[in-house]
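Peer 1: Quick one: structure below, then a few questions.
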Amino acid sequence: MKSAVITIKSDPILKKEAQLVAESLGFGLSTLLNAYMRELIATKMITFSCKADRAVEQDAPSAESKMWMEAELANNTPPYDWGKKGIPFARPVRYEEGKGFIVEE
């Protein structure tokens, strides 16, 4: 099977920790990343969880982000109307520029 090289930027400590966990489970990191990509393609869903157990470095928020964070929207925003079908749990979603997120049927 031919291979393609994917280059990503990652924190070196994060990479090493991921390699150690993968190895402790009997896998190489490449094997787990390939399995994740296959699952992403098959399900068209993002299926992982995040647990914040340490500080994560982030870029400083932009002026627009600060404006939205400081805006008092909670008291002025009506509840979102999800329609007759309700909230779309566990259904694939795609983004279309100018339209927003589209829930797949």
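Peer 1: Residue pairs, Cβ under 8 Å, 6 or more apart or interchain, first in segment 77-105 and more than 23 Å from Ile41 (Cβ to Cβ), second in a loop (DSSP other than H, G, I, E, B). List them.
Peer 2: Trp82/Pro88
Peer 1: Would you be able to say whether some residue in segment 23-43 is of a type in the set (Val, Ile, Thr), more than 28 Å from Arg94 (Cβ to Cβ) and loosely packed, with under 10 Cβ neighbours inside 10 Å?
Peer 2: No, that holds for no residue.
Peer 1: Now, a different point. Go through segment 84-93 residue by residue and tally those that are at pLDDT 75 or above, surrounded by fewer than 10 Cβ atoms within 10 Å (Cβ to Cβ) and on the phi < 0 side of the Ramachandran plot.
Peer 2: Of the residues in segment 84-93, 2 are at pLDDT 75 or above, surrounded by fewer than 10 Cβ atoms within 10 Å (Cβ to Cβ) and on the phi < 0 side of the Ramachandran plot.
Peer 1: Of everything in segment 48-83 that's of a type in the set (Ser, Thr, Tyr) and more than 30 Å from Arg38 (Cβ to Cβ), which residue is modelled with the highest pLDDT?
Peer 2: Of the residues in segment 48-83, the ones of a type in the set (Ser, Thr, Tyr) are 49, 62, 65, 77, 80.
From what is left, the residues that are more than 30 Å from Arg38 (Cβ to Cβ) are 62, 65, 77, 80.
Values: Ser62: 78, Ser65: 74, Thr77: 66, Tyr80: 70.
Out of the qualifying residues, it is Ser62.
The values are calculated or read from the model by the stated rules, or taken from the named source; none is laboratory data. None of these values were measured; they are calculated from a predicted model. In this analysis, Cβ positions are derived from the backbone assuming ideal geometry, glycine residues included, and neighbour counts consider all displayed protein chains.
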